[in-house]
Amino acid sequence: MQKLIVHKLGPIVNCELEINKFMIFTGPQASGKSTLAKCIFFFKNIKNIFFAEVIKAQMLFNLEDNDTLFMSLKNRFIRDIRANFLQTFGTTWYMDHSMNLKYYYAPDKMIQICLKESDSAPNFVWVEMSDSIHQFIYNIENLKEEEKEHSDIVRKLVNDFFEETKEIVYIPAGRSLITLLSLQLNYIYSSMDDIQKRSLDYCTQNYLERILQLKNFYTSNYRQLIEDQIHLTDKKIDKKFLDFMSALMKDILKGEYRNVMGEERLEISDNKYVKINFASSGQQEVLWILNVVFYYLLNQKKAYFIIEEPESHLYPDAQKKIAQFIAAAKENGNNILVTTHSPYILGEFNNLLYANNIREHVSQERLETIINRYQWLEFSNVSGYYLEKGTISSCLDESFCSIVNEVIDGASDDINSEFEQMLVLKGE
């Protein structure tokens, strides 16, 4: 199992956690949930940085016929890791000098990021790698030329080494503004030069580029998209599952998203729609969680989804349903990380854990009338963490295979306590 260690990055003082298939981060604002989510994204994305450098090196080699270009792969790889760290986390000038990150892809495969003094900067980003990674880079450098030229061979070697075949997909908070500016987004982004794009937080840039690519995918309604995919692929399609997920999307959105000749709509019925930038803030916030995840499910692409605050601007009933949608997205071997403040999200995850916990002891047919089996969560695949004051602690109850009730109901308990104190005061 992969492992992350964080020391003095942002609000995180010390943290060590293993990367599970389904992860939940909760806790007060500014406690470090996004920091940890970005750390996991950063390290899981390193395989893509390396792959891009290998392909770039091969292109340069073919153009220049200069073997030294390919042999500098390690230095360029480290340079790109450093640049990506700065674009993800910002300037290091104000970071604690003892900041240290370690990520273990396997017990013998580790990358470490720390800060060191240099002539050019007080907190220079220093990258260290285990011997096995150095050896792997050497092996890639010395592949046969015909192997280097086949990107699918190199991609498989990289994925196998980092023990990660899934695409890493980050869906940040604050999605409604991007949806609100939907019509202007293509123009705004295309008019930015490379320096301006690099000034964007990398997670946001990655998200922007992803939704710009996916907009034109949704030119048909969900039913037609499913039918088209069945006819286009020779892979086995679970139509029942996709129908279930598309129905849940429509229930959450109160309509269907479509891109009709560049005009983005939320279709309420056959002859009624609203332009997406006039939809409610809740619909705008949740739209691209649903669209991005459904695209990967429909195309049977495995992903590691990092979803920040899926509850934003949603009514409690819709929060419950988006929790169900996210849990069901684990199908096809997807992994998921969720950051949330919402007791409704946590409470529904608890129900999905309980459903799986009792499935051997009750009628599964009757259980499925309450909670669909696609949504059941297996406790061994779930990790839940509460973040506060720079540290993390598990918020799972091993004996009951559930999320600790105090985490879910903490704010409610405080509110009820205040009310009870006032009742006592009035009675005096």
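The values are calculated or read from the model by the stated rules, or taken from the named source; none is laboratory data. Quick caveat: nothing in here was measured; it's all calculated off a predicted structure. As a convention, Cβ positions derive from the backbone with ideal geometry for all residues, glycine included, and neighbour counts pool all protein chains shown. When the accessible area is computed, the model is the full protein with side chains, heavy atoms only, and any ligands, DNA or RNA have been set aside. Shrake-Rupley method; radii C 1.70, N 1.55, O 1.52, S 1.80 Å.
Below, the figures for the structure above:
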read-out	value
Any pair with Cβ under 7 angstrom, 6 or more apart, that starts in the stretch 30-59 at a residue that is farther than 28 Å from residue 141 by Cβ and ends at one that is surrounded by fewer than 23 Cβ atoms within 10 Å (Cβ to Cβ) and of a type in the set (Phe, Trp, Tyr)	38/89
Number of positions in the stretch 3-41 that are of a type outside the set (Phe, Trp, Tyr), within 17 Å of residue 308 (Cα to Cα) and assigned to a strand (DSSP E or B)	3
Looking only at the stretch 291-310, and only at residues there that are in a strand (DSSP E or B) and not aromatic (Phe, Trp, Tyr), the one that is surrounded by the fewest Cβ atoms within 10 Å (Cβ to Cβ)	303
Filter pass, residue 316 being within 30 Å of residue 165 (Cα to Cα) and either of a type outside the set (Phe, Trp, Tyr) or open to solvent by less than 50 Å² (accessible area, probe 1.4 Å) (or both)	no
Boolean, residue 408 is touching a residue at least 60 places away in the same chain (Cβ under 8 Å), more than 21 Å from residue 248 (Cα to Cα), outside any strand (DSSP E or B) and of a type in the set (A, V, I, L, M, F, W, C)	yes
Qualifying residue in the stretch 313-326 (condition: polar (S, T, N, Q) and under 16 Å from residue 23 (Cα atoms))	yes
Among the residues listed as 374, 385, the single one being touching a helix residue (DSSP H, G or I) at 6+ places or on another chain (Cβ under 6 Å), in contact (Cβ under 8 Å) with a residue 24 or more places away in the chain and either among the aromatic types (Phe, Trp, Tyr) or crowded, with 21+ Cβ neighbours inside 10 Å (or both)	374
Options 8, 3, 44, 21: the member that is at pLDDT 95 or above, among the basic types (Lys, Arg) and buried (at least 20 other Cβ atoms within 10 Å of the Cβ)	44
Every residue from the stretch 231-254 that is of a type in the set (Gly, Ala, Ser) and buried (at least 20 other Cβ atoms within 10 Å of the Cβ)	246
Filter pass, residue 357 being open to solvent by 20 Å² or more (accessible area, probe 1.4 Å) and part of a helix (DSSP H, G or I)	yes
Qualifying residue in the stretch 273-290 (condition: assigned to a loop (DSSP other than H, G, I, E, B), in contact (Cβ under 8 Å) with a residue 40 or more places away in the chain, surrounded by 15 or more Cβ atoms within 10 Å (Cβ to Cβ) and acidic (Asp, Glu))	no
Failed item, numbered, when residue 215 is tested on (1) loosely packed, with under 14 Cβ neighbours inside 10 Å; (2) basic (Lys, Arg); (3) within 22 Å of residue 170 (Cα to Cα)	(1)
Residue check, residue 304 out of contact with any strand residue (DSSP E or B) (no Cβ under 6 Å at 6 or more places or on another chain) and either of a type in the set (S, T, N, Q) or under 30 Å from residue 35 (Cα atoms) (or both)	no
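Conditions tested, residue by residue: (1) modelled with pLDDT of 95 or more; (2) open to solvent by less than 40 Å² (accessible area, probe 1.4 Å); (3) under 21 Å from residue 81 (Cβ atoms).
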residue: 112; (1), (2), (3): yes, yes, yes
residue: 117; (1), (2), (3): no, no, yes
residue: 121; (1), (2), (3): no, yes, yes
residue: 140; (1), (2), (3): no, yes, yes
residue: 147; (1), (2), (3): no, no, no
residue: 160; (1), (2), (3): no, no, yes
residue: 163; (1), (2), (3): no, no, yes
residue: 175; (1), (2), (3): no, yes, no
